[in-house]
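Read the structure below first, then the notes.
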Amino acid sequence: MTGAVQSPLTSEQISVWLRGLLTIAWADGHFDAEEQVLIAELTQEELAPQVDLGSFEAISGEELAAGLGSDRRMAENFLRTAVMVAVADGVYSDTEDAKLHQFCEALGVRVEALSGLRYTLCARVEVEDKDSDTGTVSQLVPVAPPTAKKPHLDPLQPVRHWLDGLDIHDRRLARFLCKMIPPQCPFERDIKLFGHKVVHIPPLCKLNPLYDQLVGLRFRSLSYLADQCGEDVSPYI
């Protein structure tokens, strides 16, 4: 039996929020088919059935800002979840970075902590691969940071602290995060496109410097569903 907890987000806002997360997830064009199916099921069956992913279109910054409104706290919480989605596979790409900062500008929110993420930037390049029928394979390579001098001994510490400030106050969003963030460190794997390997991903806990924040977010989402909403969270464990 679920508790009668009223969400501060309207159906329109949660729909816009999730479209924003999907836009980030597909920003680099390499969101694999298995993950696309998972998010499609989550969005259409549980969270925002009015969003038709069969004709899904990336949301613009202007649409996002109009849909979420002028609440700065809500905007920051959206951006926190967007960062989590961007780094969920352990790779922060240049295209994800560009989209994220576009959203920041549209929402009128300046988050200084996000500059640290750029020290983890990767760009996708085509390199020769003798094992590929096409002769090339896509690889992610580190990109030089925007400044030569790091502002902190650990440039990611400010963004870790900022991400830990995320509030969970919507059961639909909590469910989405519980299912999108794996309950344990995923094994290493190869991402394939049309039967050919396009990128190799090491175990997420070894690759992702923000893995602890992902785990913490999942735990807070589970706690919200169990303690505040009275939901059975065993399907997520």
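The condition of being part of a strand (DSSP E or B) and either in contact with a strand residue (DSSP E or B) (Cβ under 8 Å, 6 or more places away or on another chain) or at pLDDT 60 or above (or both) holds for only one of Val141, Val109, Val159, that being Val141. Just one of the numbered conditions (1) over 26 Å from Asp94 (Cβ atoms); (2) modelled with pLDDT under 80; (3) part of a helix (DSSP H, G or I) is not true of Glu12: (2). Just a yes or no: is a residue in the range 179-191 modelled with pLDDT of 80 or more, in a loop (DSSP other than H, G, I, E, B), surrounded by fewer than 18 Cβ atoms within 10 Å (Cβ to Cβ) and of a type outside the set (Asp, Glu)? No, there is no match, as no residue in the range 179-191 is modelled with pLDDT of 80 or more, in a loop (DSSP other than H, G, I, E, B), surrounded by fewer than 18 Cβ atoms within 10 Å (Cβ to Cβ) and of a type outside the set (Asp, Glu).
Within the range 70-106, the residues that satisfy the criterion of being within 10 Å of the chain's Cα centre (by Cα) and among the acidic types (Asp, Glu) are Asp89, Glu96. Which one of the conditions (1) at pLDDT below 60; (2) touching an Asp or Glu at 6+ places or on another chain (Cβ under 9 Å) does Phe176 fail to meet, given that it meets all the rest? Result: Phe176 fails condition (1) only.
The values are calculated or read from the model by the stated rules, or taken from the named source; none is laboratory data. Worth saying up front: this structure is predicted, and the values here are computed from it rather than measured. Here the Cβ is made from the backbone with ideal geometry for all residues, glycine too, and neighbour counts use every protein chain on show.
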